[in-house]
Each structure stands twice: as C-alpha cells, then as structure tokens.
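The structure under discussion appears below in the form of structure tokens.
The values are calculated or read from the model by the stated rules, or taken from the named source; none is laboratory data. Keep in mind the model is a prediction, meaning the values are calculated, not measured. Note: ideal-geometry Cβ built from the backbone for every residue, glycine included; neighbour counts use all protein chains shown. Each accessible area value is taken on the protein alone, full model and side chains, heavy atoms only, with ligands, DNA and RNA left out. Shrake-Rupley method; radii C 1.70, N 1.55, O 1.52, S 1.80 Å.
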Amino acid sequence: MWAALLTAKDFINKAEYASTVHSYDRKQLDELKQTVNTIEELKTMLKKEQADLEKQQEDYTAKQEDVNAQLEEKRAQIAGFDEQLLAAVEAAAGQAQEEEAAEDEGASSGTVSGGNSGTSSGGNSGTASGGSGSNSSGSGSSGTSSGNTSVAQTIVSAAYSQLGVPYKYGGSTPGVGLDCSGLVQYCHAVAGITLPRTSGAQGGCGIAVSSPQPGDIVCYVGHVGIYIGNGQMIHAPQTGDVVKIASVYGSPWYRRCW
C-alpha cells in the first residue's frame with residue numbers, strides 16, 4: 001500500500017509538472033504567433049507606404065518635367081521679347097537721330113540764308129563760325145565717338161563720385177537722390193554729353209557694342225548702369241538701396257555714347 005501511494009504521488013507530481021510545462025509552451029507559442037502576425041501586418045503596411053511614396057515620386061517627376069518645360073518656354077518668350085524691345089528701341093533711337101539731323105540741317109539752311117542776306121563780310125564770317133560751333137555740339141550730343149578714352153574716364157569717375165547716394169525714383173540730383181537713368185544721364189553730362197532722361201531712350205543712344213569698355217552703358221529692359229570693367233558696373237538698383245558697384249548680371253546689351 002505504501003509503495004502504491006508513493007508511486008501514485010510521484011505520478012501526480014509528474015503529471016502536474018507536465019501540465020505546467022505544456023501551459024508554458026502553449027503561452028509561448030501563442031505569443032510567437034502574435035509576434036509573427038504583427039510582423040506580417042507591419043510588412044504589409046510598409047509595402048503600401050513604399051508604393052505610395054513611389055507613386056508620389058513619379059507624380060513629382062512628371063510635374064517637375066512639366067514645370068521645366070513651361071520654364072524653358074517662358075525663357076524663350078522673354079528672350080524674344082528682349083530682342084523685339086531692343087530692335088524697337090534702336091529703331092526709335094535711329095528715327096530720333098534722323099529727325100534731329102533733319103532739324104539741324106533746316107536750322108543750318110536758315111542760318112546760311114540769313115547770313116547771305118547781310119551786306120557785311122564780317123556777318124558772313126560770324127555765320128560760318130557759328131555753324132561750326134553748332135556741328136561740334138551735335139557731335140558731342142550724339143555720342144558716337146569710340147576713341148575718346150578721356151571722356152570715358154570722366155564718365156566712370158563721375159559714377160564713382162555718386163557711390164552711396166540714395167536711390168530715388170525719378171531722382172536726378174547728384175549727391176542727393178538718383179535713379180538708374182538719372183545716374184547715367186548725370187555721368188554723361190559731366191563729360192559734356194547730353195542723354196535722354198529715361199532708361200528706355202538711353203538704351204538706344206550712341207552705338208551698340210559687343211565688347212564693352214569702361215564708360216559704356218549697361219542696358220536692361222527698364223534699367224541702366226555704367227560699365228566700369230572686369231564685369232562690373234555702377235548703378236542705382238531700387239528703392240531702399242544706394243548707388244553701388246555690382247556684377248553685371250543676366251543678358252544686357254551695351255551702348256557707347258562717347
């Protein structure tokens with residue numbers, strides 16, 4: 001009996017141990033399955049997010065190509081407008097010079113006629129001298145000379161003298177306030193050259209040059225400056241700024257009036 005009881009107790013203990021181990025293993029197996037399911041859900045979610053990102057990248061690339069194409073088209077249009085504007089400015093300047101030449105010719109004819117009507121040889125001499133002075137002034141105003149470097153240096157020096165002067169829209173007072181065309185007009189006036197007041201008219205003055213030299217006018221659509229060499233210019237940029245040295249930017253054209 002005692003032997004049977006001891007055997008039965010040992011069996012019961014073994015059965016309880018086996019049950020405990022089984023329960024533990026079952027719990028671990030359930031946790032493993034739950035972990036596997038979680039991992040599968042995360043993989044599915046990541047694959048979906050990756051697909052969404054790839055789709056967004058494709059959309060972005062397509063939009064970027066479209067924007068670049070539109071940008072190139074607009075740049076081409078702007079370049080065409082610049083060429084048309086430059087041609088129009090040059091044509092207007094040429095017409096103005098022709099009209100000025102015609103007026104000068106008419107004035108000269110009237111002067112000669114008045115001199116001939118006089119009886120004094122001294123009057124004729126005075127008329128001839130006066131005509132010569134008028135032609136000299138006209139040459140200075142037209143500014144088509146390309147060899148007077150002393151005049152060009154005077155223009156550049158005048159530009160340097162205005163560094164730091166505040167920008168003022170419509171300003172033409174040196175040392176007080178200047179806009180871009182006011183600065184260019186003043187610098188040429190110091191050198192004895194008369195220029196129109198606006199940047200558009202100044203952009204058609206003198207002669208066009210492809211290799212700028214100090215003293216030439218740097219011309220943009222609606223803006224001008226004085227070229228000082230080494231790819232730099234002196235200009236009056238905008239409201240709130242001052243006359244200063246800056247690098248030549250973009251695609252300007254150049255006019256020489258000295």
Mind listing whichever residues of the stretch 228-257 are open to solvent by 20 Å² or more (accessible area, probe 1.4 Å) and not in a strand (DSSP E or B)?
Asn230, Gly231, Pro237, Gln238, Thr239, Gly240, Asp241, Val248, Tyr249, Gly250, Ser251, Pro252
Taking Tyr169, is it within 18 Å of Lys244 (Cβ to Cβ), of a type in the set (Ser, Thr, Tyr), open to solvent by 10 Å² or more (accessible area, probe 1.4 Å) and modelled with pLDDT of 95 or more?
no
Cys219 vs (1) part of a strand (DSSP E or B); (2) under 19 Å from Ser157 (Cβ atoms): all pass except (2)
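Is it fair to say Ser132 is modelled with pLDDT under 95, of a type in the set (S, T, N, Q) and under 17 Å from Arg256 (Cβ atoms)?
Values: modelled with pLDDT under 95: yes; of a type in the set (S, T, N, Q): yes; under 17 Å from Arg256 (Cβ atoms): no.
Taking the combined requirement at face value, the residue does not satisfy it.
Residue-wise test of (1) hydrophobic (A, V, I, L, M, F, W, C); (2) open to solvent by 100 Å² or more (accessible area, probe 1.4 Å); (3) in a helix (DSSP H, G or I); (4) at negative phi.
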residue	(1), (2), (3), (4)
Leu29	yes, no, yes, yes
Ile39	yes, no, yes, yes
Gln56	no, yes, yes, yes
Asn68	no, no, yes, yes
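Going by the conditions given, is Gly147 modelled with pLDDT of 90 or more and not in a helix (DSSP H, G or I)? Walk me through it before giving the result.
Details: modelled with pLDDT of 90 or more: no; not in a helix (DSSP H, G or I): yes.
No; evaluated as a whole, the condition is false for this residue.
Could you check the stretch 207-227 and list, in sequence order, the residues that are within 20 Å of Asn148 (Cβ to Cβ) and surrounded by fewer than 24 Cβ atoms within 10 Å (Cβ to Cβ)? Write out each step before concluding.
As a first pass, look at the stretch 207-227 and keep what is within 20 Å of Asn148 (Cβ to Cβ): 207-218, 226-227.
Passing the criteria: Ile207, Ala208, Val209, Ser210, Ser211, Pro212, Gln213, Pro214.
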